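Quick notes on the structure that follows.
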Amino acid sequence: MDLDALAGCLSSSACLVTQTTSGLIIGMLLFLVAVGLTLIFGVLKVVNFSHGAFYMFGAYFAMTAYQLTASFALAMLAGAAGTAILGLIFERVFMSRVYGADVLMQLLVCYAFVLIFDDVVRIIWGPEFKSMGMPSAFQVMPLFIAGGVVPPYYLLLIGVALVAAIVLGIGLSRSRIGKVIRAAAHNPGMVSALGINTGLIYGGVFALGGMLAGLAGALAAPVRSLTPGMGFSVLIESFIVTVIGGMGSILGALIGALLLGLIRSFGSLGFPLFTEGLMYLFMVIVLVSKPTGLFGKEAA
C-alpha cells in the first residue's frame, strides 16, 4: 500500500490527467466488451462465457488486416465485421440449440468453445506473443493537457467507444429495430406471434455483441500484446462490469466500465499489490448495497 503516491497523484494535475486518461481507455475497452455481453444476456437470456474470444479474434483480425493493407481504418472494420460474422455463425449453429437449456449446459458449451477458439488462434497465428504496433498516423508527439501526457491514439479510442455507445443507445431506444429487440427481450412469444422472426433477431443481437467485442479487440491491438487466451481476463472484468452496472443495462455497462477503469488506474498507484482485489471489493460493496447492480431492475 502506497497512499503517499496516490495522494501525490491526486494533488498533481499532470498525474491526474495521465491516470484519468489511462482509466478511461481501460473503461472504454471494457464497455465495448461488456455492453455486448449484457445485450446478449438481456435479449437471449444466455450468459455468453465465450464472449472474450470475440475480443481476441477482433485483435487478430485487425492485426492481419493492418499487415496486409497498412490501413488502420480497414483493420478496425475487419476486426468488427469479422467477429460479427463469426458471432452470427456461432449463434445459429451452436448457441441456438441450447436456448432454454440448463445454465450449466450453456456454460459448458461456451467454455468448450473458449478452448477451441484459443487453439484455433494458436494454429493460425502461432502461440507466441504478437504486436500490431502503433499505426503510423498516430506515431506523433503526444498532447500535453494540464501537464499530463495524452497520446492522440487514446483520444481516438475514447471517441470511437463514445460514438458506439451513443449510436447503440439511440438505436435501441428510438429505431424500429431497437424497439423490436427490446420487445423480444421482454416477451419473445408475443413478438413471434406478430409474425416477426425471433431467430433472426437473436442472430442479429449475437452478431452485434460479437462485433462490439471485436471492435474493442481491434482498438486494443495497437496498445496491447496479442496472445492466445487474451480474451479470458477481459471477459472476467466484463462480467464484473455487468454485475456492477446491472445485467441487461447499457447505461449500467458504461458507468460500471468507467468506474472499474478508474479504480484500476488509480488503484495501481495506491494499492499496487491489491489492484485486482479493489475491483472485486467494489463489486461486493455495490451488490451488498443494491443486489441488482447500479442500474439493474428487479425481476418481475
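The values are calculated or read from the model by the stated rules, or taken from the named source; none is laboratory data. Small disclaimer: the values here were computed from a predicted structure and weren't measured. Reconstructed Cβ throughout: ideal geometry from the backbone, glycine too, with neighbour counts over all protein chains shown. For accessibility, only protein heavy atoms count, side chains too; no ligands or nucleic acids. Shrake-Rupley method; radii C 1.70, N 1.55, O 1.52, S 1.80 Å.
Quick notes on this one:
- In order along segment 188-203, the phi-based Karplus estimate (6.51 cos²θ - 1.76 cosθ + 1.60, θ = phi - 60°) of 3J(HN,Hα) comes to x, x, 5, 4, 5, 5, 7, x, 8, 6, 5, x, 5, 5, 4, x Hz; Gly and Pro are listed as x.
- J(HN,Hα) series, segment 44-53, from Karplus relation 6.51 cos²θ - 1.76 cosθ + 1.60, nearest Hz, glycine and proline x: 8, 6, 10, 8, 7, 5, 8, 4, x, 5
- Between segment 109-163 and segment 1-20, the alpha-carbon center distance in angstrom: 25
- Overall dimensions of segment 1-85 by Cα: Rg and Dmax, Å: 17.9, 49
- 0 to 90° range, to nearest 10: angle between helix 176-186 axis and the chain longest Cα axis: 80
- Coordinate range along principal axes, alpha carbons of the chain, Å, largest first: 60, 50, 36
- Gap separating the Cα centres of segment 232-300 and segment 185-217, nearest whole Å: 25
- A straight Cα-to-Cα reach below 27 Å connects Lys179 with the lysines Lys45, Lys297, residues fewer than 8 places away in its own chain not being considered.
- Using the Cβ of Leu29 as centre and a radius below 14 Å, the other residues enclosed give a net charge of +1, where K and R count +1 and D and E count -1.
- In plain terms, the chain from Leu273 to Ala73 could stretch by 68.2 nm, reckoned as 0.36 nm per residue minus the Cα-Cα distance.
- Using just its DSSP H runs of length 4 or more, each adding -39500 (n - 2.57), the chain gives a mean residue ellipticity at 222 nm of -25000 deg cm²/dmol after division by all residues.
- Cys residues of the chain counted as unpaired, since no other Cys beta-carbon is under 4.7 Å: Cys110
- Helix 230-245 and the longest principal axis of the C-alpha atoms of the chain enclose an angle of approximately 80°.
- Label-point separation in nm, Phe129 to Arg224, each point 7 Å along Cα→Cβ: 1.5
- Probe 1.4 Å, accessible area per residue of the chain, Å²: 46
- Using the Cβ-Cβ distance between Ala5 and Leu251 with R0 set to 35 Å, the FRET efficiency works out to roughly 0.60.
- For segment 239-298, the equivalent ellipsoid derived from the alpha-carbon gyration tensor has semi-axes of 22, 12, 7 Å in decreasing order.
- The chain: most fluctuating residue of Leu29, Leu115, Leu104 per GNM, C-alpha cutoff 10 Å: Leu104
- Between Ile85 and Lys179, residue separation times 0.36 nm minus the direct Cα-Cα distance comes to 31.5 nm.
- Efficiency of FRET from Cβ geometry, Ala14 and Leu104, R₀ 41 Å, rounded to 0.05: 0.25
- The accessible surface of segment 88-242, taken with every protein chain in place and a 1.4 Å probe, is 70 percent carbon and sulfur.
- Using 0.36 nm per residue and subtracting the Cα-Cα separation, the extra length available between Leu115 and Arg92 on full extension is 6.3 nm.
- Computed from Cα atoms, the angle from the helix 72-93 axis to the main principal axis of the chain rounds to 30 degrees.
- Each residue of segment 55-69 was assigned a 3J(HN,Hα) from its phi angle through the Karplus curve 6.51 cos²θ - 1.76 cosθ + 1.60 (θ = phi - 60°); the sequence is 4, 5, 5, x, 5, 5, 4, 5, 4, 5, 5, 5, 5, 7, 10 Hz, with glycine and proline shown as x.
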